[in-house]
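Shown next, in structure tokens, is the structure this report addresses.
Bear in mind that the values in this text are calculations on the coordinates, not laboratory data. No experiment lies behind these values; they were computed from the predicted model shown. Ideal geometry is used to build each Cβ from the backbone, glycine not excepted, and the neighbour counts take in all protein chains shown.
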Amino acid sequence: MMSNINKAIRMIRHFRSLSWLQLLLPWLQLIAEVLGHKEVFNFLKGKKKAGSCGGGHPKLPCVQGFQLQAETRGDFRGNRGGLAVSNAILFLLLTLPAVAQTPVLTLDSVLAEVERSNPGLQQYDARARAMEQYAEGSTAWMPPMVGGGVFMFPYNLQTGEPGMMPSSYMLSVEQQIPNPAKQRARRDYYASRSAVEAAARAEAFNDLRTQAKEAYYRWVVLAQKQQVLEENERIIAFMLKVARLRYPYNQGPLAGIYEAEARQQQIQNEQLMLASDIAKQRVMLSTLMNQSGTPAFSIDTTLQLPEPVQVGLDSTDLSAVRSDVQRINRSIQTMQLNLAREGLERKPDFRLSFNHMTPRGFDRPSMFTAMAMVSIPIAPWSAGGYQSNVRAMNSEVIALRRERENLLNEARGRLHSLALELNAKRQQVENYRDKILPALQKNYDVTLLAYEENQSELPPLIDAWEALNSMQLDYLDQLEQLYLLRIRYEQELER
């Protein structure tokens, strides 16, 4: 990219030897690539902040925070071809975007990014893969044992009597053969633990999704409050301007001017707090999406009121949608598989052993022994261990079932309460929107009309405006509570 920028600058510096028609095509190719890089903009003279384009040529407009000034230096000065090329460059800058637009994230895109990138969810994926790998290795056999030594070797070779069994050198190989039923049970147990981790991931994502929704909807309400304050700032500025014009003619009190100035400063303070709150919600969403730094993005603020919800749901419906219930169900399945695995401890294991003996004397034949062994786990002194484990696991299964029953009972009660509260809050918000705010708006309009016709003083107008402003902010507070209630309701239903 830097080579292209340098190439563009060299072309500008040496354009006098070329026709501007020959330069136009390379510029069309290069401007699209280097557009937005400050090296080119500084060379073309005129980096300034948006809205502060003073100091340049009055007929040249600002282009996305930059202005190209008519005056140039070096090889541009006094050259008609250079002026033509400058006009062509200006045309390109006016028609192509100079800076990237701030992305607007919808709620669905935010939630998708949280599910894809949040490290708190990635740990569950790693644990699930670990359980799958444990399951793959659970059917492996124990490694064989190989040994070497001497067999019936006398302590003193000189005292050995003729006719004795000769001593030998021995090579031994031994292999333990696990019970296939135990291996299958162990494999199924580890595989079921992977499903438990997957259910735990869904439960964790439900919590993260709730946090993301809360931050998103808070931002929506804060943005609407910003719009209200911007409109109120415009209104109070109008009041203040009219009051200052009327005061010299004894058509308004001085106290009203001071009161309007105080209200204006109060609005500016509230705007500062709203900007800080919006920044906090942006940081919250960036953290949940695991984005480094503080990336610039905005959200879609065009949201509708939540629809009324159904009051009362069957426990069967809840058990099918809630991830915490699914986690308990899979934990019960895992415990039952572990219970079956522990019950298989009553089955025997096997072992094979082969020993080869080579005598010291060459006149003796080689010998071997081969043995097959089996364990007897049903012996009374060894059966108590796995039998106690089986009884303990049965008790744990009963505890998990009671936990599931209690969870469903509490969730059903919370959903019923949230549904009632949500429907009531929605009706309350509709009353604000359709009845209270229109009445206060009419009161303000009538008072403003009387003030414009010099039939009322400024304080009554400020009171009418303040009542409308306060009720608008109360409406947005109620709207935020409605959104949060809907989020809590959706959290219970895993939506």
Put in order of increasing Cβ neighbours within 10 Å, starting from the fewest, 371, 284 give 371, 284
By the mean-Cβ-within-10 Å protection proxy, highest first, 134-147, 107-120 rank as 107-120, 134-147
Taking 458, 448 and counting other beta carbon atoms within 10 angstrom, the fewest-first order is 448, 458
Length gained, residue 367-residue 210, 0.36 nm per residue minus C-alpha separation, equals 49.0 nm
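Just subtract the alpha-carbon distance of residue 115 and residue 454 from 0.36 nm times their residue separation and send over the number in nm, one decimal. Provide the component values of the computation, followed by the final result.
Numbers: separation 339, 0.36 × 339 = 122.04 nm, distance 6.06 nm.
Contour length minus Cα-Cα distance gives 116.0 nm.
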Rounded to one decimal in nm, the spacing of the 7 Å Cα→Cβ label points at residue 262 and residue 352 is 9.9
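Note the direction-averaged projected area, equal to a quarter of the hull surface, for the Cα convex hull of region 154-250, in nm².
Numbers: hull surface 75.0 nm².
Projected over every direction and averaged, the Cα hull of region 154-250 covers 18.7 nm².
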Counting only backbone N atoms under 11 Å from a point 7 Å out along Cα-to-Cβ of residue 317, the residues of region 398-423 in range are 416
Expected sort for 346-353, 466-473, 215-222, 483-490 on mean C-beta neighbours within 10 Å, highest first, is 215-222, 483-490, 466-473, 346-353
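For a test of the definition: using alpha carbon positions, the gyration tensor, and the 1.5 limit on a/c, classify region 279-396 as rounded, prolate or oblate.
Working: a/c = 5.77, a/b = 2.27, b/c = 2.54.
Cα axes put region 279-396 in the oblate bin.
Can you give the Kirkwood hydrodynamic radius for region 404-495, in Å, rounded to one decimal and based on Cα pairs?
Working: mean 1/r = 0.0637 Å⁻¹.
This gives a value of 15.7 Å.
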Extension length gain for residue 390 and residue 181 (0.36 nm per residue less Cα distance), in nm, is 73.5 nm
The pairs in 213/241; 213/435; 225/425; 241/442 lying past 31 Å Cα-Cα in this model are 213/241
